[in-house]
Every structure is written in structure tokens, then in C-alpha cells.
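First the structure, in the form of C-alpha cells, and then the observations on it.
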Amino acid sequence: MLGILEEAFEQLHKQGGRPPKLTVLDRLIIALGYYREHRTMAHIAFDYGVLKSRISDAVKWVEDTLLQDGTFSLPGKRELANPNADMELFRQSGIHIFRFILLVGDKGYQGINELHENSLTPYKKPKGGKLTKEQKDFNRSLSRFRIFIEHINRRIKRFKMFGGRYRNKQRKHHKRISLICGIHNFELA
């Protein structure tokens, strides 16, 4: 991340000028700290001895620069707003998965057996009906197998910005959650 930001900063300030009060590293630390701790910008500004608007500008610049680079990007709102988004994204991705690889999904991937026969999804309770004991046992064992996905959700919620009530402007929510998930995906790679 620091390399991407430093390169963008150099491009932005090719012709020189007065050195900024906040270095590129400071800006990155401010943005990540803001996400993780969810302190107010006024509080962060006090720590750095700058105005609150400088902190806001630093966070915005880091977000825009990292998302523009594409390394930390996720699909757009329209793709994710679809109630069948998981399955649709999988279909549209065109990813070829070898037959011997086992795919394990949640209820959002109902019907994946049509695309990949070596896949498991939990049983849905039929309308007005009940699941059998075997189906319940299968769902329980599948949930135990899938638990690491829920751990990823927990890691995202470690960023206090998304662990509780989101108190910023709604239009910035998608940008910030995309960036945090992209950072997490990058760490896993």
C-alpha cells in the first residue's frame, strides 16, 4: 500500500513545491487507524497537530488512490445489490474450477450443483415443511466446515468502523468497505 501511495504522491508532486506537513506514511497510518479505531477526525488531528480538514483530506486521498490502483478493489454496488449476488458473481466470473475441487457454499449458492457437481450447500427448509434429521445433521456439519468464512467476517468487524454503527456519510460506506475487504484479501494472497 505504501508503495502505491508513494508512487501516486511522486506523480502528483513532480514539479516540486513545499513539503506537506503529513508524509505519505502518516496519511496511510491515519486512514488505517481511522478505520480500525474509528476515532473522530478531530481527535486524530489533535494528535498530529493539524486541522481536522487535513485529516479528512488525507483519508480521502488514501482511499481514492488505493481504489484507483485496483489492487484493493471489489465489484461495484450493482453486482452486490442483487439478492442472488453470490451465485450471479460466480456465474459471471467465468472461473473454471477443476471437477476434483470441492466447493462449499452457504444458502446464497443454491443451485451451484448445476455448474459444479462437486459442491455442497446447506438444505433449505421447504415452505410449510421441516428438514429431516439427516438434513439437519448435514447442515450442522457443513456449518462446522464453513466456519472460517465467518472468521473472515469477524476480521472485517475488527475495524471498529464496521463493527458497530456506521457514523459517516452513506455514500462513502461502499468505498470504505470495499477497501477494507480488498486489504484483507490482499493479506490472504
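Computed from the coordinates by the stated procedures, all read-outs in this text should not be read as laboratory data. Remember, it's a predicted structure, so these values are computed and weren't measured experimentally. Counting neighbours? That spans all protein chains shown, and the Cβs are built from the backbone with ideal geometry, glycine included.
Here, P(r) means the percent of Cα pairs in each 10 Å bin from 0 to the largest distance; for the stretch 2-69 it is 20, 54, 24, 2. As a ratio to 2.2 N^0.38 Å, the alpha-carbon radius of gyration for the chain is 1.33.
Listed by Cβ neighbour count within 10 Å, with the fewest neighbours leading, ILE55, ILE4, ILE156 appear as ILE156, ILE4, ILE55. A Gaussian network model of the chain, with springs between Cα atoms under 10 Å, assigns the largest mean-square fluctuation among GLN170, GLN15, GLN110 to GLN15. Fewest-first ordering of THR121, THR132 by other beta carbons within 10 Å of each residue's beta carbon gives THR132, THR121.
Based on DSSP H segments of at least four residues, each scored -39500 (n - 2.57), the chain has a per-residue ellipticity at 222 nm of -18000 deg cm²/dmol. Taking a cut-off of 17 Å, what percent of all Cα-Cα pairs in the stretch 97-184 are separated by more than that? I get 64 percent for the Cα pairs in the stretch 97-184 exceeding 17 Å. Once the C-beta distance of LEU103 and TYR48 is scaled by a Förster radius of 45 Å, the resulting FRET efficiency is 0.45 to the nearest 0.05. Exposure proxy shown here: for LEU102, LEU32, the number of other Cβ atoms within 10 Å sets the order, fewest to most, as LEU102, LEU32.
Pulled fully out, how much extra length does the chain show between GLU134 and GLU114, if you take 0.36 nm times their separation in residues and subtract their Cα-Cα distance?
On the way: separation 20, 0.36 × 20 = 7.20 nm, distance 2.25 nm.
Contour length minus Cα-Cα distance gives 4.9 nm.
As a calculated quantity, the FRET efficiency between GLU7 and ILE152 at R0 = 30 Å, using C-beta atoms, amounts to about 0.55. Placing one equal scatterer on every Cα of the stretch 87-140 and applying the Debye formula, the log10 ratio I(q)/I(0) at q = 0.24, 0.28, 0.31 Å⁻¹ is -0.97, -1.16, -1.29.
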